[in-house]
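Each remark here refers to the structure printed beneath this line.
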Amino acid sequence: MNTSGPSRPAAKSLTARAKLLLVWAATALLLVGMVTLGAVRTGPVPGTDFVAGPEDLWQEQWEEQPAAAAPPAEAPQAAVDLDALDAEVRRVLAENPGYRIGVVLADTHGGEPRGYGDGTEFVAASTAKIITAAAYYHLVETGEKSLDVPLGSYDAAFQIQAMVNASSNDAWLLLMQDIGYPRLIEYAASIGISYDPEQNLLTPAEMADLLKQLSTGKLINAEHTQELLGYMQKTNNERLIPAAVGPGITVQHKYGALGGYLHDAAILSSGDRSYALTIYSWGEDGGSEKRLAMIHDLTGVVTKALLE
């Protein structure tokens, strides 16, 4: 009788069964894993982003974004009927025979200006203050003047703003005296304008050309140009050209009133279109409602034809 345990063949058979059990166990685990993976891959979308990777998040955001609407096609700009514009301006002039009126319209992008009515010199009144402002800025840029220099009770920068935005005559006189009349005449001539500050005469065409040069940066540097144009907006008198323009049109202007003279000179802009418009007028009624209505009519004709 053998009491030492099972024989070697018996032990070998037991080992084979153990190996078979291990194979079955591994196979079962593999099947469970596959079922679990399939459940995860086909299960509901997680309620949070915690298990989502960066690419999944980007894809979800991309899918959630609504398709961008195509920008509406801009209607082609209708060709301007210049003959009709001319006829309308002349109609307004004919309806106001009691006034001496000079009108000039200039496209700031180029081309010949269009003039109507009286093209001779008018007393420019305060519209000429733009010449003084441009001359002073020019001298600042050449190093001959400074905006920080005391001038009267304030500095030169303040006086330019007061002269243009509030049409201060005291500021105008201080600036002209600081420049000197001969230098002011010389500067005006350098930009193609015949101007004597003691007489203060300009033609409507000269004033329109001055605004055209200013708006296109030909007079002074970009910083000073923007500053001066800023002073020409929301001035202390918006009853002339600004009162007659529609929404979406920017107005930068300088009015003038002296005795029977009532003027306004403006840069009118909308989108990429820009025009200099000068309306000079003289009559015995000064700034009457009838005179204002005439300026409004002319402004409306121009803006309707060119900017609206």
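Summary table below
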{"quantity": "Residue match in region 210-223 (condition: under 23 Å from GLN177 (Cβ atoms), in a helix (DSSP H, G or I), among the hydroxyl-bearing types (Ser, Thr, Tyr) and within 22 Å of the chain's Cα centre (by Cα))", "calculated": "no"}
{"quantity": "Residues satisfying the stated conditions in region 225-242, i.e. farther than 16 Å from ASP264 by Cβ and either of a type in the set (Asp, Glu) or without any contact (Cβ under 8 Å) to a residue 40 or more places away in the chain (or both)", "calculated": "THR225, GLN226, GLU227, GLY230"}
{"quantity": "Residue match in region 153-167 (condition: within 24 Å of GLU206 (Cα to Cα), at pLDDT 95 or above and not in a helix (DSSP H, G or I))", "calculated": "yes"}
{"quantity": "Yes/no for GLU227 being surrounded by fewer than 22 Cβ atoms within 10 Å (Cβ to Cβ), among the acidic types (Asp, Glu) and more than 15 Å from the chain's Cα centre (by Cα)", "calculated": "no"}
{"quantity": "Residue within region 174-184 that is touching a Phe, Trp or Tyr at 6+ places or on another chain (Cβ under 6 Å), in a loop (DSSP other than H, G, I, E, B) and crowded, with 20+ Cβ neighbours inside 10 Å present", "calculated": "no"}
{"quantity": "Selection count, region 254-308, where residues are polar (S, T, N, Q) and assigned to a loop (DSSP other than H, G, I, E, B)", "calculated": "1"}
{"quantity": "Some residue of region 143-159 being surrounded by 19 or more Cβ atoms within 10 Å (Cβ to Cβ), over 19 Å from LEU277 (Cβ atoms) and of a type in the set (A, V, I, L, M)", "calculated": "yes"}
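The values are calculated or read from the model by the stated rules, or taken from the named source; none is laboratory data. The shown structure was predicted, so the numbers you read here are calculated from the model rather than taken from an experiment. Reconstructed Cβ throughout: ideal geometry from the backbone, glycine too, with neighbour counts over all protein chains shown.
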